[in-house]
Structures are given as C-alpha cells and as structure tokens.
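Undergrad: Can you keep this structure in mind? I'll have questions shortly.
Read the figures in this text as sums done on the coordinates, not as results from a lab. Since we're looking at a predicted model, the values are computed, not measured. Because the Cβ atoms are built from the backbone with ideal geometry, glycine has one as well, and the counts that use them run over all protein chains shown.
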Amino acid sequence: MNTIAILILAAGGSSRMKEKIKQLLPWRKTTLLGHAIAEAKKLKVQKVCVVLGANAELIKSTIGSEKITILDYKNWEQGIGTTIAFGVDYLAKENKYDAILIILADQPLMDANYLELLLSTYNSDSSKIIATKYADTIGVPAIFGKEYFDELVNLSGDSGAKKLLSFKNVVVLNPKGKVVDIDTWEEYERLKTKSGA
C-alpha cells in the first residue's frame, strides 16, 4: 500500500466573494474548509495538510483541534502554482510519502467516496497521475507520485498543475457532477440551495 498525504489548498483571498471569507462560509454543519478537512480525514492516508494564506489567523482559529498540519503561506498572492509548490515542498522534505493527493477547499461536492476512488485507482497503478475530468480540461483533485514532486515544487504563478496533467501517463476520472468550484457569492448560494447544505 502506498503512503499518501493529502494537501488541501485554502490560501486564496476570495476576491469575488463580496468581502466574505470563502473558506469560512457555512456548509452543512461546518464550513467549506471544515467540510474538505472532514472528507479528507475519512480516508486512510498518512497525513492531511492544509495550506492557508489570506486570513490565515482567523481561519486557523476555526479549525480547532483537528489532527491535521496547517501551513501558513505568506506569498499566497503569487498564485495557486506557488501555493502548490509551497505545500509539496513541505511534504517532500518529510520524505515519507509515495504520493500527494491535492484537493481544493472550495469544491464541497467532492466527497470521501470520490477521493477514495482516486486513491484506489492510484494504488492499482502508481505509475500514473490520477486526475479529475472537467468539461473542457482536467485538473484537481489529482494524485501525483513522488517522481513528480520536484516538478510540483517548481510550479510558479497562477497556472497550477495543468502542465503536468498534459502528460500521456494520466488516468482521468469522471466525478459525475461533483466538480463544482465556488468562486462567487452567487455560485455559493445557488449550490447551497440546490444541495440542501
């Protein structure tokens, strides 16, 4: 069995959220970030790590005594690429993990069942990157083996890991409607009403 860490990206500044802190928006009985952490903790992984940036101290105070590692990324405004690089660098230096599953805090329909499918697919063929299908692209949640850690650590700007996902050795899974990002207040309200959260 592979040793896997989960990296939850929650560093963004919620610029389109009408002054709201996206990570702390109510979702079910917790928050968007709390929900992502709870789903991640249902999985048999060795570590759950959250990267915070904007409003880090305030968000940290809401997480409580969860058994997770919280990283505070001061340069979060440089973009998601550098946020991934920061988190992966931390985990890679621990030198304990065969792979890292990267997820976003603002995709509340992504649940433990789908994340477990990603993990089991990776465990059946760990030579592949396991990624998620979007309407016209592929992206995270995605699992990267340690042979990709150096490339992830060298990501920059706001492009994320898409460059790595253009490789031929990627298995793409269909999340069946779970791949919904919340970027605006309107999207949040619409999804919350539709899902009864």
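Undergrad: Would you work out the charge dipole size for the range 4-195 about its Cα centre, treating the Cβ of every Lys and Arg as +1 and the Cβ of every Asp and Glu as -1, and quote it to the nearest 20 debye?
TA: Once rounded to the nearest 20, the dipole reads 520 debye.
Undergrad: Lys/Arg Cβ at +1, Asp/Glu Cβ at -1, dipole of the range 8-68 taken about the Cα centre: which of ALA36, THR62, CYS49 is farthest positive-ward?
TA: ALA36
Undergrad: Provide the three semi-axes, in whole Å and in decreasing order, of the ellipsoid equivalent to the chain as defined by the square roots of 5 times the Cα gyration tensor eigenvalues.
TA: Three semi-axes, in Å: 24, 19, 17.
Undergrad: Something else: What is the dipole size for the range 98-197, taken about its Cα centre, with +1 at each Lys and Arg Cβ and -1 at each Asp and Glu Cβ, in debye to the nearest 20?
TA: 320
Undergrad: Based on DSSP, what percent of beta bridges with both residues in the range 4-195 are antiparallel, to the nearest 5?
TA: Of those bridges, close to 30 percent are antiparallel.
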